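The values are calculated or read from the model by the stated rules, or taken from the named source; none is laboratory data. The structure presented is a predicted model; accordingly, all values stated were derived computationally and were not measured. No Cβ is skipped: glycine too gets one built from the backbone with ideal geometry, and neighbour counts run over all protein chains shown.
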Amino acid sequence: MPKTPQRWIAVLGRRDEPTDALEDYCRRLASALEETLEEKRCSLELFRIAWAEQGWPRALRDLDKAVVDRKASWALVQYTALSWSSRGFPNRFVGLIRRLKRAGMNVAIVFHDPFPFAGFRLRDRLRRRVQLAVMSRSARLADRIITTISPDCVPWMQTDSIARKATLVPVGSNLCAPPPYDKSSLQQPPVVAVFGVTERQREEALLIATVVSHAAEQAVPLRLVVFGRGAKLAEQTLSESLRGSPVQLAVFDVLNSAEAGALLANSDVQLFVRSGLASNRGSAIAGIVCGLPIVGFAGPETSFPITEAGVRLVPLGNAEELTRELLAVLQDEKLHESLCQRSREAAGRHFSWKRIAERYLAALG
């Protein structure tokens, strides 16, 4: 007689716009869990605490009716600082975890970004202290911790009471990736893809333009494709910086999953300059799943399993070495193919949704 599936609930905070990566993550995880072996099946429902629209009192009353009063095996609370606050001071989050625990629920916190915000202003330093306190206190209250970055790279997770609860589960790709074209040889001109630009659009655009134009001048003309969040805002800086260089530029806004997957799958290499490459960077994971080599920066958060993929990493902020690595990938077809193969293998071993679902079942099942 088959076992009754466990009932899990993913608890989400404020919706992100124009796309909500956390909701996409939870929906794909729910589908993957449904497809696991019969004896381990479980269902994952989504519930959003609409505190930004309704205010906290009403949002918590809705939580009680929809989640707390209908017992589930696990509540998977999704954490980023801006999911639970408008300015990065998520003071209410600890109280939310206490509320779920008092109701007798098993609570797992999924830390999608376990690092506090950077910055040097007094406000930045205060916000960082608040975020670290909130993450540490809520983690101590939780029954399990899922972290998308190795806990060995997160200083506040080194406390024994927290470390023994922590399980590394890297994120998967939210894109529909078609089969990539035959990457046994580079296209002419080779296509360099950049997926997403952060709030530092001008700074990142200048860095991208510098690296790609120098590589094109020393090797062959290139085609640069930039798309996703922030891309259109960076377009003017990119166009001005690349004027007169042997680089063809194409810029697209936020695309749907199929269109974005097709762009990546039909590129030759992905350039990642947003921060240190890590296993919580969905845009980088998308490139790995599409079988791409990734040239980017290594930072404190860079560790297994992202290092198993076809990546060529340099110290954070070193544009000269980044150009050198991009040139190596573009000029050496054997190296390019070996990196593609490593990305394909890493995608299957670490970043497929089936593997991610299995990790959740091992941690919570």
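Worth a mention:
- Residue 45 in a strand (DSSP E or B), acidic (Asp, Glu) and at pLDDT 90 or above: yes
- Pick from segment 113-171, criterion farther than 30 Å from residue 289 by Cβ and small (Gly, Ala, Ser), ranking: surrounded by the most Cβ atoms within 10 Å (Cβ to Cβ): 138
- When every residue of segment 305-320 is checked against the conditions, at least one turns out to be more than 29 Å from residue 168 (Cα to Cα) and without any contact (Cβ under 8 Å) to a residue 40 or more places away in the chain.
- Condition met for residue 308 (surrounded by fewer than 21 Cβ atoms within 10 Å (Cβ to Cβ) and in contact with a helix residue (DSSP H, G or I) (Cβ under 6 Å, 6 or more places away or on another chain)): yes
Conditions (1) at pLDDT below 90; (2) among the small types (Gly, Ala, Ser); (3) surrounded by fewer than 22 Cβ atoms within 10 Å (Cβ to Cβ), marked per residue:
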| position | (1), (2), (3) |
| --- | --- |
| 24 | no, no, yes |
| 30 | no, yes, yes |
| 37 | yes, no, yes |
| 56 | no, no, yes |
| 59 | no, yes, yes |
| 66 | yes, yes, yes |
| 83 | no, yes, no |
| 86 | yes, yes, yes |
| 91 | no, no, yes |
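- Pick from segment 239-257, criterion β-branched (Val, Ile, Thr) and part of a strand (DSSP E or B), ranking: surrounded by the fewest Cβ atoms within 10 Å (Cβ to Cβ): 251
- In segment 201-221, the residues that are among the small types (Gly, Ala, Ser), touching a residue at least 40 places away in the same chain (Cβ under 8 Å) and in contact with a Ser or Thr (Cβ under 6 Å, 6 or more places away or on another chain): 215
- Qualifying residue in segment 92-111 (condition: over 28 Å from residue 229 (Cα atoms), in contact with a Phe, Trp or Tyr (Cβ under 7 Å, 6 or more places away or on another chain) and part of a loop (DSSP other than H, G, I, E, B)): yes
- Failed item in (1) out of contact with any Pro (no Cβ under 8 Å at 6 or more places or on another chain); (2) of a type in the set (Lys, Arg); (3) outside any helix (DSSP H, G or I); (4) modelled with pLDDT of 90 or more, with residue 274 passing the rest: (4)
- Candidates 175, 224, 186, 271 - the one that is without any contact (Cβ under 8 Å) to a residue 40 or more places away in the chain and either surrounded by 21 or more Cβ atoms within 10 Å (Cβ to Cβ) or not hydroxyl-bearing (Ser, Thr, Tyr) (or both): 224
- From 287, 317, 276, 261, residue being within 15 Å of the chain's Cα centre (by Cα), surrounded by fewer than 23 Cβ atoms within 10 Å (Cβ to Cβ) and not β-branched (Val, Ile, Thr): 276
- Some residue of segment 349-360 being out of contact with any His (no Cβ under 7 Å at 6 or more places or on another chain) and in a loop (DSSP other than H, G, I, E, B): yes
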